[in-house]
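Step one of this worksheet: look at the structure below.
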Amino acid sequence: MYTDCLSLLCALRSLHTRDEETDQLRRLFSRLSGRLSLFLFHVRGNSGLIGNEIENENARRTCTVGAIREKVLSKRVIWSEFQAESQKEWLVNWQTQHQGTETYKWLPNVLDLLPDFLPPKQATFLITGHGRFPFYLHRLSLITSPACFCGELSDIDHYMTRCPGTAAFRDRSRAEIRFEIEQCWYPRLLRNQTTIEAVMAMVKHINFYMPATD
């Protein structure tokens, strides 16, 4: 019996093969060998076919002495790959070095930014925490108290979650995106024009109650 499947012959010869089909073949050959002379031979699958043998030889030579060929990429493909790698590097840097910042709460994944993302000035104040807020101006020694106009100590989370003076703006935003008031809702606010406008109005409202600086 002739076969071009060398792996099958090796499996039949092995005593450690656990494949059920191989075991069935082994038992069949054992029964047949009791009644006739049975021999198994391996032949190359393309043996005797000149075209196939030439192809096999070329494939063998390619693996051993073949030359590396370069493919010319278009500028568009190169730019696309460069941009993708740059964005991955930016994301890793952002998530490892900026998690403690105010901006990270709003933009935990910089790859989610829209290509034309350009927040209004008031929204930028809120995203960065660098604006006409009591806590920020107090940090710069421009005012004497960091307290909110409601009397509590202020930060961005205060205005976004619990300040009674900004409740109307929070409710407007929450109704728009249908989400509970908590920090993980921040990124969603930047993807909706209505909520961005509510954020801008809230910042203007906070600024209205700010004391004059020296």
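The values are calculated or read from the model by the stated rules, or taken from the named source; none is laboratory data. Remember, it's a predicted structure, so these values are computed and weren't measured experimentally. For neighbour counting, all protein chains shown are included, and Cβ atoms are generated from backbone atoms with ideal geometry for every residue, glycine included.
Being of a type in the set (A, V, I, L, M), loosely packed, with under 12 Cβ neighbours inside 10 Å and farther than 18 Å from Thr194 by Cα is a description that applies to Leu111. With respect to the conditions (1) modelled with pLDDT of 85 or more; (2) surrounded by 11 or more Cβ atoms within 10 Å (Cβ to Cβ), Gln83 falls short on a single one, namely (2).
Taking segment 126-144 as the range and being more than 15 Å from Asn207 (Cα to Cα) and surrounded by fewer than 19 Cβ atoms within 10 Å (Cβ to Cβ) as the test, the residues that pass are Thr128, Arg139, Leu140, Ser141, Thr144.
Let's see how each residue does on (1) at pLDDT 80 or above; (2) in a helix (DSSP H, G or I); (3) exposed (fewer than 11 other Cβ atoms within 10 Å of the Cβ):
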| site | (1), (2), (3) |
| --- | --- |
| Trp185 | no, yes, no |
| Arg191 | no, no, no |
| Thr194 | yes, yes, no |
| Val199 | yes, yes, no |
| Val203 | yes, yes, no |
| Ile206 | yes, yes, no |
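Taking the conditions (1) surrounded by fewer than 17 Cβ atoms within 10 Å (Cβ to Cβ); (2) at pLDDT 85 or above; (3) under 26 Å from Asn207 (Cβ atoms) in turn, Leu118 satisfies each one other than (2).
When Gly131, Gly165, Gly151 are checked against the criterion of being of a type outside the set (D, E, K, R), at pLDDT 80 or above and closer than 15 Å to Glu102 by Cβ, a single residue qualifies: Gly131.
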